[in-house]
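The values are calculated or read from the model by the stated rules, or taken from the named source; none is laboratory data. Here the structure is a predicted model, which means the values were calculated and not measured. For neighbour counting, all protein chains shown are included, and Cβ atoms are generated from backbone atoms with ideal geometry for every residue, glycine included. We work out accessible area using only protein heavy atoms, side chains counted, and drop any ligands, DNA or RNA first. Shrake-Rupley method; radii C 1.70, N 1.55, O 1.52, S 1.80 Å.
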Amino acid sequence: MVLDKEKMISRSTIENLSGSIERVTFHSEESGFCVLKVKAKGQRDLVTVVGCSVSVNPGEYVDCTGMWVTSREYGLQFKADQLRVVMPSTLEGIEKYLGSGLVKGIGPHFAKRLVEAFGIQVFEIIEADPDRLMELPGIGQCRRDMVIKSWQDQKIIREIIVFLQSHGVGTARAVRIYKTYGHQAIIKVRENPYRLALDIRGIGFKTADMLATRLGIGRESSMRAEAGVRHVLQENSNDGHCAMLLEKLIDTAVTLLEIPKETIVKAIESESKEGRLVAEMIDNQPAIFLASLYRFEVGVHENLKRLLSYKSPWINDLEIDKAIPWVESKTRLNLSDTQKSAIQIALQNKVVIITGGPGVGKTTLVNSILKIIRAKTRNIILCAPTGRAAKRLADSTGLEAKTLHRLLEFEPEGRGFKRNETHPLEADLVVVDEMSMVDIAMMHYLLRAIPNSAVLMLIGDVDQLPSVGPGAVLGNLIESQKIPTVRLTEIFRQAKTSQIVVNAHRVNRGELPKIKSMPQELTDFYFVEADTPEAIHEKLMIMVTERIPARFGFDPIRHIQVLVPMNRGGLGARALNVDLQKRLNCAGKHPITRFGSTFAEGDKVIQTVNNYNKEVFNGDIGFITEIEEEIGLISVLFEERLIEYELDELDELSLAYATTIHKAQGSEYPAVVIPIATQHYMLLERNLVYTGITRGKSLVVVVGQVRAIAMAVRTVRGGRRLTNLTARLMMH
């Protein structure tokens, strides 16, 4: 066997290798690079195949072209220059293929029974005579129908898969392309492959660009230049910006596409003429918006102007001087002068902002305002950007609170909201909590649904990280000085006993948190010093798995959340999740690997994209309750809702033992552990650490280097998000 392979190496010729994938050792979603264990024809042992494919799954059959190479570290491998998935022709291959989960309703067990019953004719029977499936015991009408439908879908998809794989795109993406474009998939892709980057989740510009090249679209074509410009602007919006300075856009596009500047300029002009881009001056410099972001900014401005043109319904209906002592007597609380002033502002204005950090009495203030207004009306709406934030708002007020998506009644089919200017909300007061999380798009949709008569109260902490989506809405509104704003700064006596609150405010002022070695007495904020990334990693693991559960009684999976500055690196979310999963859920049942991640029953997971059909949104955390590989379903419990995922949807989920601080916005956890190292220097800044600390409800443990914390606390990035909302508001 070894001699045969050595003979192959010495020839160094291009060869073919085919077989079934037994195991996916590694697969990178970003690059497509994969390492596979393949049971190949003519080989006694499993062969290591190294190549590239957008999607690979155990059980699929591959046909590879490449050559044998020897790696010092990994030994003999088959390096595939081309790797495509094909239909198997052996009984064993057919069983693996059918049992891989590609055909819904057929798992490994049913696949074995099918092959035993029908042999090599099983494909033909499923397609031409599916009633024969019911000859097998336990196969009912429901599963038969499921298999038929899935097989028919696969038949159409196979054509698309063959076409796309021949141009470097893999199975999972092909399925999504079919779901988006239907029978027109191949026609639409040939017409304009760049539309994939806009329409298909998981396909970026580089993949679409590669496909376009293979389809014969020239490097300097107008189609490529226009798509490249849109891609640069989309990436810019992913960094939170609503617009991009024209010169920067041109330079970035030239570097990305490696084509002349004149071609880029023409593309920008053409896209602007078509209405897909909008040019506007920002701070006396020409800038370019994606048309949708421009519309959102203008919509926010116009709707705020509309609301501010009306008077508060309570300005003549409430005796504020009497209302304040009345609410103090009802709540048995003595309000501070700032809180009393805030109540006056809130009752006298149509739109009001209440901002401040932890422990400054935002909740007390809001509850007092609500108590006064509820004496006049019951038509009050409370909402927040996420399910967790809405639940916290409901718990603190005793009133119902909804997510913004549910409040505005999102319709997945039409990708829009039922509530709008023609069908507004029925409310006298709309209260929005966690406003720092609200991006420009969500603010636009919310404002247009608020009736002229309603009062809008915005509550948030402007010093936290801005929204994940584009815009800096809360900061822009405050900066414009056009919206009456109350900034609460006084830390109340009861909050001063919390070291979480005290240290959060110290960080926000640019001061180091009180860093002491771990005291014997229980407190709610600890700093554990570690000098190296390796030491930080080990101490973090001990804290999460042993010390915190033993000392405070917190469940390490359900109550403790590790929050990190970034995804990558040894102290990033991805690496820590793998290590924490091994320590906390090593006995998880029915493990399954998809898209480079392994999931098991009991795992904590996070939704990484908005899924409007399932009503699960980016940042929502849940727990895997059941994995049914036979029928290709995973059940995840989010709060009190059980959501089902098909196996090809698992790239929407990531492990969540550790998440980024950005993903934790709007959430609060019983215990938070934050690793801070100088290797995070690119992301270390004051509002990141401040946001992380304020996510902890009962306990915060920072593990790291003192110099890294000092670096973060003194860093306030000069790079503001580029928007024009402040200027729009100041014009009127």
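Worth a mention:
- Test: H662 is more than 28 Å from Y681 (Cβ to Cβ) and open to solvent by 50 Å² or more (accessible area, probe 1.4 Å): no
- Residue in the range 536-553 that is over 32 Å from the mean Cα position of the chain (by Cα) and at pLDDT below 90 present: no
- Considered as a group, the residues in the range 429-455 that are in contact with a helix residue (DSSP H, G or I) (Cβ under 6 Å, 6 or more places away or on another chain) and not in a helix (DSSP H, G or I) include one that is nearest to Q665 (Cα to Cα), and that residue is E434.
- No other residue among A401, A346 is crowded, with 21+ Cβ neighbours inside 10 Å, hydrophobic (A, V, I, L, M, F, W, C) and at pLDDT below 90 apart from A346.
- Filtered residues of the range 405-425 (kept if outside any loop (DSSP other than H, G, I, E, B) and modelled with pLDDT of 85 or more): H405, R406, L407, F410, G416, F417
- Some residue of the range 360-373 being assigned to a loop (DSSP other than H, G, I, E, B) and under 34 Å from the mean Cα position of the chain (by Cα): yes
- Here the condition is being over 24 Å from V169 (Cβ atoms), touching a Leu at 6+ places or on another chain (Cβ under 7 Å) and modelled with pLDDT of 80 or more; of K39, K5, it holds for K39 alone.
- Among the residues making up the range 552-600, those that are over 20 Å from L684 (Cβ atoms) and in contact with a Gly (Cβ under 7 Å, 6 or more places away or on another chain) are N585, G588, A600.
- Residues that are at pLDDT 90 or above, part of a loop (DSSP other than H, G, I, E, B) and open to solvent by less than 30 Å² (accessible area, probe 1.4 Å) within the range 473-509 comprise just one, I483.
- Any hit, the range 692-703, residues being surrounded by fewer than 23 Cβ atoms within 10 Å (Cβ to Cβ), in contact (Cβ under 8 Å) with a residue 60 or more places away in the chain and assigned to a helix (DSSP H, G or I): no
- Some residue of the range 105-127 being open to solvent by 30 Å² or more (accessible area, probe 1.4 Å) and in a loop (DSSP other than H, G, I, E, B): no
- Taken over the range 91-102, residues that are of a type outside the set (F, W, Y), at pLDDT below 80 and open to solvent by less than 70 Å² (accessible area, probe 1.4 Å) amount to 5.
- Pairs, first closer than 22 Å to P108 by Cα in the range 45-69, second in a strand (DSSP E or B) and acidic (D, E), C-beta under 7 Å, six or more apart: L46/E22; P58/E22
- Criterion applied to P88, P58 was being open to solvent by 20 Å² or more (accessible area, probe 1.4 Å) and outside any helix (DSSP H, G or I), and the one residue passing it is P58.
- Filtering the range 211-225 to residues that are surrounded by fewer than 16 Cβ atoms within 10 Å (Cβ to Cβ) and under 14 Å from F163 (Cα atoms) leaves R214, L215.
- Summed over the range 265-309, residues that are loosely packed, with under 14 Cβ neighbours inside 10 Å and either of a type in the set (S, T, Y) or under 30 Å from A427 (Cβ atoms) (or both) total 1.
- Taking the criterion of being outside any loop (DSSP other than H, G, I, E, B) and buried (at least 22 other Cβ atoms within 10 Å of the Cβ), the residues of the range 557-593 that qualify are I560, Q561, V562, L563, V564, A573, L576, N577, L580, Q581.
- Scanning the range 43-57 for residues that are at pLDDT 75 or above and either under 34 Å from the mean Cα position of the chain (by Cα) or not β-branched (V, I, T) (or both) yields Q43, R44, D45, L46, T48, V49, V50, G51.
- Residue check for L584: touching a residue at least 60 places away in the same chain (Cβ under 8 Å) and touching a helix residue (DSSP H, G or I) at 6+ places or on another chain (Cβ under 9 Å): yes
- Only residues that are of a type outside the set (V, I, T) and open to solvent by 40 Å² or more (accessible area, probe 1.4 Å) were counted across the range 415-436, and they come to 7.
- Scan of the range 611-632 for residues that are more than 12 Å from F599 (Cα to Cα) and aliphatic (A, V, I, L, M), ordered by number: V616, I621, I631
- When the range 598-644 is limited to residues that are open to solvent by 40 Å² or more (accessible area, probe 1.4 Å) and part of a strand (DSSP E or B), the one that is nearest to L404 (Cα to Cα) turns out to be R641.
- Residues located in the range 537-556, provided they are assigned to a helix (DSSP H, G or I), of a type outside the set (F, W, Y) and open to solvent by 50 Å² or more (accessible area, probe 1.4 Å): E538, K539, I542, E546, R547, A550, R551
- The number of residues in the range 323-332 being surrounded by 10 or more Cβ atoms within 10 Å (Cβ to Cβ) and either touching a Cys at 6+ places or on another chain (Cβ under 7 Å) or not aliphatic (A, V, I, L, M) (or both) comes to 5.
- Residue in the range 387-394 that is assigned to a strand (DSSP E or B), modelled with pLDDT under 95 and under 25 Å from A472 (Cβ atoms) present: no
- Per the listing I268, I324, the residue uniquely hydrophobic (A, V, I, L, M, F, W, C) and either in a loop (DSSP other than H, G, I, E, B) or at pLDDT 95 or above (or both) is I268.
- Flag if D81 is in a strand (DSSP E or B), modelled with pLDDT under 80 and of a type outside the set (A, V, I, L, M, F, W, C): yes
- One residue stands out in the range 645-659 among those that are over 26 Å from P565 (Cα atoms) and assigned to a strand (DSSP E or B): the one that is farthest from the chain's Cα centre (by Cα), namely E646.
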